[in-house]
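These notes concern the structure reproduced below.
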Amino acid sequence: MSENSCFTPTTQLTFITTANCTAKCDHCVMYCVPGDKRKLTFEQMKATIDQYNKLSPLFLVVFSGGEPLLLGEDLYEALAYCDSLGILTRIVTNCYWAKDDESAERILRELRESGLWELNISCDDYHDPYVPFEYVKRAYKTSKSMGFSAVVIANSHSGKSKITPDYIKEQFGEDIYTKGDDDDDTLTDSRKKDGTFYMLSNATLQNVGRAREKISPDNFVAVPNQNLYTGCRWCVNHPAISPINHVWSCCGIQCDGNEVLDMGDLNKESAEDIMNRAYDNIFLVAIKKLGPMFLRDAALRIDPDLRFKDSYSSVCEVCQDLTENKDAVRALKANYFNIYQAIKAVEAKKDEQ
Ligand code: SF4
Ligand code: SF4
């Protein structure tokens, strides 16, 4: 990475461990379904952790999915391996395993003994048909005083949702520190007496992934287009490894086969080669610095006949609309140098201000 790069060395890595899940939520960003065979093995994850950790020390490794607990021993081994290297870990789970007190206690203990640092539990209207709310409550309550550093309930909701942060707090009979996606990253020190930081993550439903076909448009809150011209802090800085061992620019949307955001195949290339190519990729630089809306405008200037959505619920929705539009990507690739010049022009203008 050059000194002038807009990217920072990778300190956080996310494994989309599997496309297999016990649920088939209508809003699933990764299109996961029960029985999908795609998954990473412990050996693959270990090799990737070693490569990235050598490039720059990893601070946090996230195990998401699909449902990571379906990996069985491979998940516990990967957690323990990170722990042995001093790397913090998070799992994102739907809690299908908390069907009774005994199961909840046993799984949480195994996770804790494997060194898990943060338990992150998904809970909203769209998980509810597959994982009863009681399971989430049981997992949350059972995790108390088990020694996790953080326990987070991740809630995604629309104006029509039943399961909102307020509903969760009421049902849990507990006031839980609540933070939105756009809130300041600084955490207040609300660690409880048992040493654990409990939090409710409050996110607005996004019209990406499976939600595009399954959820009616009136559930999404449109963000005014002028507010969507914002660079993406996740792009390349927080890469994700897909269930088929590809490196994605982020975990915001499903990126296997995406011509812009699928950065390379770890089965064929080293992490170093993939990342070095990404650092020089002008489209990823543009998304990082100026955002996908900037690239969408650039594509429209090149070909005014391109068709995009009129409004969006998030920056990631713009990104998906743009990067999955093959004609738009073709137009941008054919005008690589013009995009480079456009980025420079915007930056020069910003410097003047
Ligand atoms: S949103 Fe989570 S729990 Fe639901 S299908 Fe996707 S991976 Fe599974
Ligand atoms: S804006 Fe694009 S690169 Fe950034 S997190 Fe969303 S999908 Fe990923």
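The values are calculated or read from the model by the stated rules, or taken from the named source; none is laboratory data. Just so it is clear, the model here is predicted, and its values are computed rather than measured. Every residue, glycine among them, receives a Cβ derived from its backbone with ideal geometry; neighbour counts consider all protein chains shown.
Here are some notes:
- Qualifying residue in segment 19-30 (condition: within 16 Å of ligand 1 (Cβ to nearest atom) and over 23 Å from Ile215 (Cα atoms)): no
- Residues of segment 187-244 satisfying the condition of being closer than 27 Å to Leu58 by Cβ, of a type in the set (A, V, I, L, M, F, W, C), in a loop (DSSP other than H, G, I, E, B) and away from ligand 2 (no atom under 14 Å from the Cβ): Leu187, Ile244
- Subset of segment 16-51 that is part of a strand (DSSP E or B) and either within 16 Å of ligand 2 (Cβ to nearest atom) or basic (Lys, Arg) (or both) - its residue that is surrounded by the most Cβ atoms within 10 Å (Cβ to Cβ): Ile16
- Flag for Ser270 being within 16 Å of the chain's Cα centre (by Cα) and either among the hydroxyl-bearing types (Ser, Thr, Tyr) or modelled with pLDDT under 95 (or both): no
- Any hit, segment 243-266, residues being farther than 30 Å from Lys37 by Cα and either more than 16 Å from ligand 1 (Cβ to nearest atom) or within 19 Å of the chain's Cα centre (by Cα) (or both): no
- Applying the condition of being more than 9 Å from ligand 2 (Cβ to nearest atom) and under 18 Å from Gln44 (Cα atoms) to segment 245-260 and asking which residue is surrounded by the fewest Cβ atoms within 10 Å (Cβ to Cβ) yields Asp256.
- Hits in segment 305-326 (condition: assigned to a helix (DSSP H, G or I) and more than 9 Å from ligand 2 (Cβ to nearest atom)): Asp321, Lys326
- Residues that are in a loop (DSSP other than H, G, I, E, B) and more than 16 Å from ligand 1 (Cβ to nearest atom) within segment 94-114 comprise Asp100, Ser114, listed in sequence order.
- Taken over segment 115-133, the criterion of being surrounded by fewer than 24 Cβ atoms within 10 Å (Cβ to Cβ) and more than 16 Å from ligand 1 (Cβ to nearest atom) is satisfied by Gly115, Trp117, Glu118.
- Test: residue in segment 281-295 that is of a type outside the set (Lys, Arg), more than 14 Å from Trp234 (Cα to Cα), more than 10 Å from ligand 2 (Cβ to nearest atom) and in contact with a strand residue (DSSP E or B) (Cβ under 8 Å, 6 or more places away or on another chain): yes
- Pair list, Cβ < 8 Å and 6+ apart or interchain, from segment 29-58 residues that are free of Cβ contacts under 8 Å to residues at least 24 places away in the same chain to residues that are in a strand (DSSP E or B): Val33/Asn20; Pro34/Asn20; Gly35/Asn20; Lys37/Asn20
- Residue pairs whose Cβ atoms lie under 6 Å apart, separated by 6 or more positions or on different chains, with the first residue in segment 60-72 and farther than 19 Å from Ile253 by Cβ and the second outside any strand (DSSP E or B) and more than 9 Å from ligand 1 (Cβ to nearest atom), are Val61/Cys82; Val61/Ile87; Leu69/Trp97; Leu71/Thr17.
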